[in-house]
Structures are given as structure tokens and as C-alpha cells.
2 protein chains.
Amino acid sequence: MARAGLTPELLTRAGAELADEVGFDQVTVSALARRFDVKVASLYSHLKSSHDLRTRIALLALEEMADRAADALAGRAGKDALTAFADTYRDYARAHPGRYAAARYRLDPETAARSAGVRHAQMTRAILRGYDLTEPDQTHAVRLLGSVFHGYVDLELAGGFDHSRPDSQESWVRVLDALDATLRNWPSA
Amino acid sequence: MARAGLTPELLTRAGAELADEVGFDQVTVSALARRFDVKVASLYSHLKSSHDLRTRIALLALEEMADRAADALAGRAGKDALTAFADTYRDYARAHPGRYAAARYRLDPETAARSAGVRHAQMTRAILRGYDLTEPDQTHAVRLLGSVFHGYVDLELAGGFDHSRPDSQESWVRVLDALDATLRNWPSA
DNA sequence: TCGAGTTGCCTAAAGTCTTTAGGAAACTGC
DNA sequence: GCAGTTTCCTAAAGACTTTAGGCAACTCGA
């Protein structure tokens, strides 16, 4: 029988597409096998387990987001950098909801340390260089930014802002305005 | 054979405990049946489906959180109300991670409209009465608060702040300080 | 280019979970 | 105490995960 030419990378990309189409938690080894017209057991030559597949998709999503964020950040500083960064995050989530959910998949500490999650943290700190914060306030601010970005995008994706006025885009802009103001006037302890 | 005396309410409570012990996505009809020493099919006299079980747990969690938040809010205003509200949210999540995850389970619009989620929104608006915001800024602020609370708690629960200094409690306090300052000096459009 | 070794896909099978159908024992109320 | 209802059961089918073992299809050295 002709070989299908599967590789872990190919399966991961297809898994990411599947996630965007049907949701990250609907990504199964079975569904992926179906997509390649191959028996389920065959995939186990390339993937250790269902968890392995999910982890690979998560790492892919983190990489993609970090790459886009890095592009967006190039040559920007201050509020300009803040909004560019935040927008890539939100835009990615809306274009790729399954991948975004994947990026929130719980990784074990070693995997997380080797992931592009580290670059995210570095970029967040880079943005804060445009504001006048020193440790430990900078760390507090990193956590605030992470919370707002993740929280807003997550609620928006869950449909939380769907059926109320004003529309989400408007709130997003105003939330970023508020965040910028907060960073410029960070209250001391 | 003696009856087990199951009811949807009993099963929901047990499901919530199970969620806190093993995680919300590990809550299955099978595991619940095991816990009551009863065959799986028996539970289908009380629950429509696995989705029904999850929905009930979600509604329970939303109720519990709203009740605690209402208690915490009684007699408080301004920053005092803000932190009390935020703390009940975070404390609940840390004490009941499975239930907290359940509260984020996607409900269909009608169910959501009948859920305690509505009370959460009302309480958030009540807190903002202590600040000087009018529509549509109040709505933007509601969304900001929801994002920060949810985002922070979610990241913290995912272990995002585990292995770095300063500890999460300290950041939480400073984030709430910053949020209070933001609301007091909300930037106009 | 041909044989040896490796790899990739297969069948088979066991264990998990969900859900429905249909039956019998245990309750309920008249 | 009997009729009707409810609750739990057995049985079964369908989906997903994972492992074991087999054979065909590649790869490479001689």
C-alpha cells in the first residue's frame, strides 16, 4: 500500500487547522486519521499520544503568535507598541480560535520553558521599557497586561460581548487607552 | 435492589466535588456513577446527557460565586468594594478550581440569561457606581474588570505565576491598586 | 541492482466513555 | 393491596485511545 507521507510536523499543522474548524477539544487522533484517509493506529508511528498531538499544536500556536507579535513590535514603542502587541494577540485569536485555545493548553514546566511562551514574556517586558517602571512594579505590570489581554480575548471569544452595545471593538480600544494611562501613572505601593 | 436515592441536585453537587478533585474536563457520567456505586445507565434517569451534567455544575458554580460576591459587597463601596469583589472571585477559584472552570463552560444564550451570570454583571455595575463613569464608559469598564479578574485568576490557576518573584498575592494587590486608579482617572475618548 | 534492515501503514484487540432500549423491582397513592 | 410511575438494571452499539504484531514499501551498502 502506498505510503501517505506523514510526519509529526504535517500532522501538527493539520491538527491546528482542525482545531480552528471544530474547536481544540474536538481535535482527536481519530479525526486526524480520517482527514488523511489513514487508519488511526498509523498515526501512533508519528505521535506518542493524543496529549502529544495537543502539545505540538500548542507549541505551534505559541510560535506563530510570538512571530507575529515580534513583527508588530518592530520599530514601535510606548502606546504604539502596546496596542500593536495587543492587537496581534486578539487578531490571532479571532482568526484562529482553535489555535488560540491550544496555546492555553497546560504544558509541563520543562516544555513550557522551551516554548515560545518565553518570547512572549520578553516582549511584554520590552513594551514596558517605554514606560517608567522598575522592579518589582514591572513584574506586576507584566501580569496585569497578560491578564487583560488573555481575559479580554477569552471573554470575547466565549461570546461574552456578543449581544450588547457598544460593540467589542470600541471597548477594546478604550481598554487599551485605559491601560496605557495606567502604565504612565502607575501608583506606587 | 435498594435505590440509591439519586437526584439531579445530588449528582450536580457530587459532580462539582469531583471537578474540584480531578478537574472539570475529567468529570464524566461514568466517574460519577462509580462514585455512587451505581451503573452508568442509571444516571440517565436524572441527567439528560454529559453536557447536561456539565451545565448544571456550571450553574451551581455561578450561583455560589454570585452569593459570595453579594455577601462581600454588602455595605462596601469604592475601592473597598472593588477589592472585596475581586477577592471573592479569586478565592473561590483557588478553593474550587474545578467549579471555577465549570463556571467558564459555554452555556447556550437562554441558559446564560437565566443563570447567576446576570447577577455578576449587575454587581460589577454596582461597584462602578462608586466611580464617576457614565455610559458607554461604564460598559467599557465592566469589560475591563471582567477581563482582569478572569484573566488573572486563569493565568494564576494555570500556574503562570508559580515560579517567579514576587509572589502572586503581591501582584494581585498591586493590580487592584492600579485598577482602582484607572477607574478614578478614566481617560475620556 | 539486489538483499538486509528500517520505517510506515495495516489488522486486531482491549479498555474507556456516551447514549439508547427495554425490563424488573421498588416506591406512590388511591 | 393494586395500578401506575419511577429508579435502577442488563444489553448493546458507536466513538476514541492505545498497544501488539505483521507485512509491504522504502533506503542503502555491497
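Close Cβ contacts (under 7 Å, 6 or more residues apart or on different chains) running from residues in the range B:169-186 that are more than 7 Å from chain A (Cβ to nearest Cβ) and in a helix (DSSP H, G or I) to residues that are surrounded by 21 or more Cβ atoms within 10 Å (Cβ to Cβ) and at pLDDT below 95 are absent.
A quick yes/no check of all residues on (1) surrounded by fewer than 20 Cβ atoms within 10 Å (Cβ to Cβ); (2) within 21 Å of A:G117 (Cα to Cα); (3) within 7 Å of chain A (Cβ to nearest Cβ):
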site: B:D108; (1), (2), (3): yes, no, no
site: B:A113; (1), (2), (3): yes, no, no
site: B:R129; (1), (2), (3): yes, no, no
site: B:D132; (1), (2), (3): yes, no, no
site: B:H140; (1), (2), (3): no, no, yes
site: B:L145; (1), (2), (3): no, no, no
site: B:H150; (1), (2), (3): no, yes, yes
site: B:L157; (1), (2), (3): yes, yes, no
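Answer with yes or no whether A:R68 is of a type in the set (D, E, K, R) and under 26 Å from A:L144 (Cβ atoms). The answer is yes for A:R68. Filtered by the rule that a residue be more than 13 Å from DNA strand D (Cβ to nearest atom) and buried (at least 19 other Cβ atoms within 10 Å of the Cβ), the range A:21-66 gives A:A58, A:L59, A:L60, A:A61, A:L62, A:M65, A:A66. State whether the residues of the range B:55-66 include one that is polar (S, T, N, Q) and free of Cβ contacts under 8 Å to residues at least 40 places away in the same chain. The answer is no, given that none of the residues of the range B:55-66 is polar (S, T, N, Q) and free of Cβ contacts under 8 Å to residues at least 40 places away in the same chain.
For the range B:52-63, what are the residues that are touching a helix residue (DSSP H, G or I) at 6+ places or on another chain (Cβ under 7 Å), under 16 Å from B:A113 (Cα atoms) and either within 8 Å of DNA strand C (Cβ to nearest atom) or charged (D, E, K, R) (or both)? Correct list: B:R56 only. Looking across A:L62, A:L11, A:L73, A:L53, one residue alone is under 20 Å from B:G160 (Cβ atoms) and either at pLDDT 95 or above or not aliphatic (A, V, I, L, M) (or both). It is A:L62.
Take the conditions farther than 17 Å from A:H150 by Cα and away from chain B (no Cβ under 12 Å) and apply them to A:G98. Does it pass? The answer is no for A:G98. Taking the range A:81-154 as the region of interest, the helices (runs of 4 or more DSSP H) fully inside it that hold 2 or more residues being free of Cβ contacts under 8 Å to residues at least 24 places away in the same chain and over 15 Å from the mean Cα position of the chain (by Cα) are A:109-114.
The values are calculated or read from the model by the stated rules, or taken from the named source; none is laboratory data. Because the structure is predicted, anything quoted here is derived from the model rather than measured. All Cβ positions, even for glycine, are placed from backbone atoms using ideal geometry, and neighbour counts span all protein chains on display.
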